[in-house]
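Have a look at the structure below, then the notes.
The values are calculated or read from the model by the stated rules, or taken from the named source; none is laboratory data. Please read all numbers here as calculations on a predicted model, not as lab measurements. Ideal geometry is used to build each Cβ from the backbone, glycine not excepted, and the neighbour counts take in all protein chains shown. With ligands, DNA and RNA removed, areas are computed over all heavy atoms of the protein, side chains included. Shrake-Rupley method; radii C 1.70, N 1.55, O 1.52, S 1.80 Å.
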Amino acid sequence: MHVLHVVNSLETGGAQTLIEGLSEQFRNGSSRSRSSVVVLLGEDSLSSRMERVADVHYLRLPTSALALPIGAWRLRRLLAALRPDVVHSHLLQADLVTSIAR
């Protein structure tokens with residue numbers, strides 16, 4: 001099973017810590033399970049830790065009114081390439097981008 005998590009940033013926080021823990025469990029579990037993380041922004045304080053347990057993709061969205069449509073377009077392309085079984089978004093901006101990308 002391939003689970004793809006979508007999150008605003010990798011700044012230290014509850015959602016990020018949850019994703020790291022879930023991804024680590026996947027990595028240590030069945031070889032058929034894997035976890036990927038899509039970050040709306042760029043690298044941040046938890047990036048190196050997250051990259052050790054999951055495939056991490058950065059959308060590097062601008063901080064403007066175009067962030068949502070650009071993010072949805074970039075995420076849609078990434079979803080087509082990665083073809084995850086489950087998409088789990090965390091936090092409001094990530095939820096909006098994911099909803100629009102569907």
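Quick notes on this one:
- When every residue of region 83-95 is checked against the conditions, at least one turns out to be over 18 Å from Ala15 (Cβ atoms) and either open to solvent by less than 80 Å² (accessible area, probe 1.4 Å) or of a type in the set (Asp, Glu) (or both).
- Filtering Ala81, Ala72, Ala94, Ala65 for residues that are out of contact with any Pro (no Cβ under 9 Å at 6 or more places or on another chain) and part of a loop (DSSP other than H, G, I, E, B) leaves a single hit, Ala65.
- Residue in region 16-28 that is touching a residue at least 24 places away in the same chain (Cβ under 8 Å), touching a His at 6+ places or on another chain (Cβ under 7 Å) and basic (Lys, Arg) present: no
- Checked against the criterion of being within 13 Å of Gln93 (Cα to Cα), hydroxyl-bearing (Ser, Thr, Tyr) and free of Cβ contacts under 8 Å to residues at least 24 places away in the same chain, region 3-15 has no qualifying residue.
- Matching residues, region 87-102, being in contact (Cβ under 8 Å) with a residue 40 or more places away in the chain and among the hydroxyl-bearing types (Ser, Thr, Tyr): Ser89, Thr98
- Residue under evaluation Ser9, criteria (1) small (Gly, Ala, Ser); (2) in a helix (DSSP H, G or I); (3) buried (at least 20 other Cβ atoms within 10 Å of the Cβ), criterion not met: (2)
- Residue count for region 14-47 satisfying the condition of being at pLDDT 95 or above and either open to solvent by 70 Å² or more (accessible area, probe 1.4 Å) or in a loop (DSSP other than H, G, I, E, B) (or both): 9.
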